[in-house]
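The values are calculated or read from the model by the stated rules, or taken from the named source; none is laboratory data. Keep in mind that this is a model prediction, so the values were computed, not measured. Using ideal geometry, Cβ is built from the backbone for each residue, glycine included, and neighbour counts are taken over all protein chains shown.
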Amino acid sequence: MKTQIENPVLLEETDALNVQKFAIFNEIVSDAIMAKDENHLRRLLAQSSLYEKWFKYGFGSTHFWLTDKSDRSSKRILFIEFK
């Protein structure tokens, strides 16, 4: 799998929210790095619903994408290509 961070995570109104948001993003990146394949990544992400507060994600036929819900342009912030 090839993991790319494509755009920055947007800052929230308070430092406390930023800490939470970045912690969740780091958890997603860690899951992506630890995952052996697409199915493993799906299982890791299914273990937590905390992602849904700040991020939207999905799977294509050969990839995974993640966007920041607070970004109105819906630019991907994380893209993982499955080989």
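Beta carbons closer than 8 Å, at least 6 apart along the sequence or on distinct chains, pair a first residue in segment 1-18 that is over 27 Å from His40 (Cβ atoms) with a second that is surrounded by 14 or more Cβ atoms within 10 Å (Cβ to Cβ) and basic (Lys, Arg) for Glu12/Lys21.
Filter segment 36-51 down to the residues that are in contact (Cβ under 8 Å) with a residue 24 or more places away in the chain and touching a Phe, Trp or Tyr at 6+ places or on another chain (Cβ under 9 Å), then identify the one that is surrounded by the most Cβ atoms within 10 Å (Cβ to Cβ).
Kept after step one, since they are in contact (Cβ under 8 Å) with a residue 24 or more places away in the chain, are these residues of segment 36-51: 37-38, 41, 50-51.
Next, only the ones that are touching a Phe, Trp or Tyr at 6+ places or on another chain (Cβ under 9 Å) stay: 37-38, 41, 51.
On the way: Asp37: 10, Glu38: 16, Leu41: 21, Tyr51: 17.
Result: Leu41.
Could you count how many residues in segment 20-57 are closer than 26 Å to Lys83 by Cα, part of a loop (DSSP other than H, G, I, E, B) and at pLDDT below 90? Of the residues in segment 20-57, 2 are closer than 26 Å to Lys83 by Cα, part of a loop (DSSP other than H, G, I, E, B) and at pLDDT below 90.
Scanning segment 5-28 for residues that are within 13 Å of the chain's Cα centre (by Cα), among the hydrophobic types (A, V, I, L, M, F, W, C) and loosely packed, with under 15 Cβ neighbours inside 10 Å gives Ile5, Phe22, Ala23. Of the numbered criteria (1) assigned to a helix (DSSP H, G or I); (2) at pLDDT 85 or above, the one Leu17 fails is (2).
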